[in-house]
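Here is the structure we will look at, set down as structure tokens.
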Amino acid sequence: MKKALLYVFTFLAIQFLAQFLVVTIYTLVVREPVEMMSPLWNIGVMVLFSVATIVVFVKLGWASFSRSYLQSHPWDVLLWSVVASLGAIVPSLLLQGLIPEWTGWAKEIVDDAEQQVEGLMSVPGGYMVIALLPPVVEEMVFRGCVLKSLLQWKPQWRWGMIALSALIFSIVHMNPAQLPHTFLIGLLLGWMYMRTGSIIPGIAYHWANNTAAYVLYHMYHNPQTLQDIVGPGSRPLLLALVFSLCILLPALYQLNQRMKRVE
């Protein structure tokens, strides 16, 4: 448990230091209020944070990258991971839509998080820090380090440790509106890691999930609700849900059949 907390603290500390460094450079060089900082500077924060996290975790021996899983040719698992991610989009958006609107300090956090994501989505380089770097960094930290250490700590409580890691994963995103979504994804990613012993299927799922969000943002000009995508009324929502479950459930079944641990 102590190792898991150390990994999370280090992850957050690197994120804070990267943001502090870039903001300091911005104020010294540009000499404008931080509120006027372009989203391109936020991309700089994300790139610095991502690269620094990988370097620190690898140098300290907490994480390592191996070709052994890819050498087992798990292309069917990776394919079904992507399919499962696409099938989970509508159920996730429906679940998020059931959450009451936040008020007070929580609303401020949600609004700030949404504005930051929208800023990253709308500028060149946004795809890299939305869909390419986060899957690698977050899977390395939260499944390859945090969940791995929790499973070693209490191997007899596998699902309890997966749930704990998913809770940590959702809290660290610091967006109350996404808590149910990130928690459920954390459970699924934890299950995939437990079954395979590799973060690569999780990276594939995570990449597809974030890529879908990026594509939907640009296709529908920043949709706020599922109705903005499928249209108004309950019938389109029901049809979209049924269609998505027809993708998600077979994909989960196929993953359950095909995933295996590669030492």
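In the chain, helices alone account for a calculated mean residue ellipticity at 222 nm of -23000 deg cm²/dmol, with every DSSP H run of four or more residues adding -39,500 (n - 2.57). One decimal place: the segment A163-L12 gains 52.3 nm when fully extended, by the rule 0.36 nm per residue minus the C-alpha distance. In terms of packing, defined here as the mean over residues of other Cβ atoms within 10 angstrom, the peptides 76-89, 227-240 line up highest first as 76-89, 227-240. For the chain, the solvent-accessible area with a 1.4 angstrom probe is 55 square angstrom per residue.
Packing order of peptides 182-188, 63-69, highest average first: 182-188, 63-69 (average count of other Cβ atoms within 10 Å over each peptide's residues). Each Cα pair under 8 Å and six or more residues apart adds its separation to the average, and for the chain the resulting relative contact order is 30 percent.
Shown for the chain are the DSSP H helices of 27 Å or more along their axis, judged by Cα atoms, with a mean Kyte-Doolittle hydropathy of at least 0.0: 2-29, 39-59, 200-219, 234-258. Close amide H pairs (under 5 Å, H built 1.01 Å from N) link A63 with V58, residues at least 5 positions away or on another chain. Take the Cβ atoms of D76 and E32, set R0 to 30 Å, and the FRET efficiency comes out at 0.05. Taken about its Cα centre, the chain carries a charge dipole of roughly 1260 debye when the Cβ of each Lys and Arg holds +1 and the Cβ of each Asp and Glu holds -1. Nonpolar atom fraction for the range 134-218, defined as the carbon and sulfur part of the 1.4 Å probe accessible area, stands at 69 percent.
The values are calculated or read from the model by the stated rules, or taken from the named source; none is laboratory data. Values in this document were obtained by computation on a predicted structure and should not be read as measured data. Don't worry about glycine lacking a Cβ; one is built from the backbone with ideal geometry, like all the others, and counts go over all protein chains shown. Heavy atoms of the whole protein, side chains included, go into the accessibility calculation; ligands, DNA and RNA do not. Shrake-Rupley method; radii C 1.70, N 1.55, O 1.52, S 1.80 Å.
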